[in-house]
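Reading through the structure tokens given below for one structure.
The values are calculated or read from the model by the stated rules, or taken from the named source; none is laboratory data. Note that the coordinates shown come from a computational prediction; the quantities given were computed from them, not determined experimentally. With ideal geometry, Cβ positions are generated from the backbone for all residues, glycine too; neighbour counts draw on all protein chains shown.
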Amino acid sequence: MSTTATTTATTAVAPLTTQDAEVLLTSARRAAEAAGVPVSVTVLDAGGHLLAFRRDDQAVLISGETSTRKAYTALQLNAPTADLVDLVKPHGPFHSLPTALDRPLLFIAGGLPVHRDGRLIGAIGVGGGAPEQDHGFAATAVGTLA
């Protein structure tokens, strides 16, 4: 009797590095600076650990917290926070999610998951501008990561 072992090879995906985090942070800040918007930028790795953070001198203080919560939300739900806003409104399918969990979720545009080779490796959050601006700055940053 012969048996054939089937193995599934999984390709390792490089994690988000501190160098990657600096690229994301710098790109988002440059985009915001070009628009004249002082921001805070947070970059988290796949485990939700802080890799990079910076708050511009003139950014509102709360932007540090909002950028971090946006990144965390994008990471945990593997989705742009801009895509989740309507889901938590009254009568939305996730209406109770923000209060059901004891987690720092924030459903405002500006958080994006970061993928490499189709796998989630981290997230970026930007706070300080209008939600659409923050989303654009984060998207610009993600687009620059090779």
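Screening Ala100 on (1) farther than 20 Å from Ala138 by Cβ; (2) modelled with pLDDT of 85 or more shows it passes everything except condition (2). Residue count for the range 14-40 satisfying the condition of being part of a loop (DSSP other than H, G, I, E, B) and in contact with a Leu (Cβ under 9 Å, 6 or more places away or on another chain): 2. With respect to the conditions (1) at negative phi; (2) buried (at least 22 other Cβ atoms within 10 Å of the Cβ), Phe94 falls short on a single one, namely (2). Of the residues Thr17, Thr26, the single one that is under 16 Å from the mean Cα position of the chain (by Cα), under 15 Å from Thr144 (Cα atoms), exposed (fewer than 14 other Cβ atoms within 10 Å of the Cβ) and modelled with pLDDT of 95 or more is Thr17. The set of residues in the range 58-91 that are surrounded by 17 or more Cβ atoms within 10 Å (Cβ to Cβ) and small (Gly, Ala, Ser) comprises Ala59, Ser63, Gly64, Ser67, Ala71, Ala74, Ala82. Evaluate the following for Ser63: is it under 26 Å from Glu33 (Cα atoms) and small (Gly, Ala, Ser)? In short, yes.
Residues of the range 43-52 that are more than 19 Å from Gln133 (Cβ to Cβ) and buried (at least 17 other Cβ atoms within 10 Å of the Cβ): Leu44, Asp45, Ala46, Leu51, Ala52.
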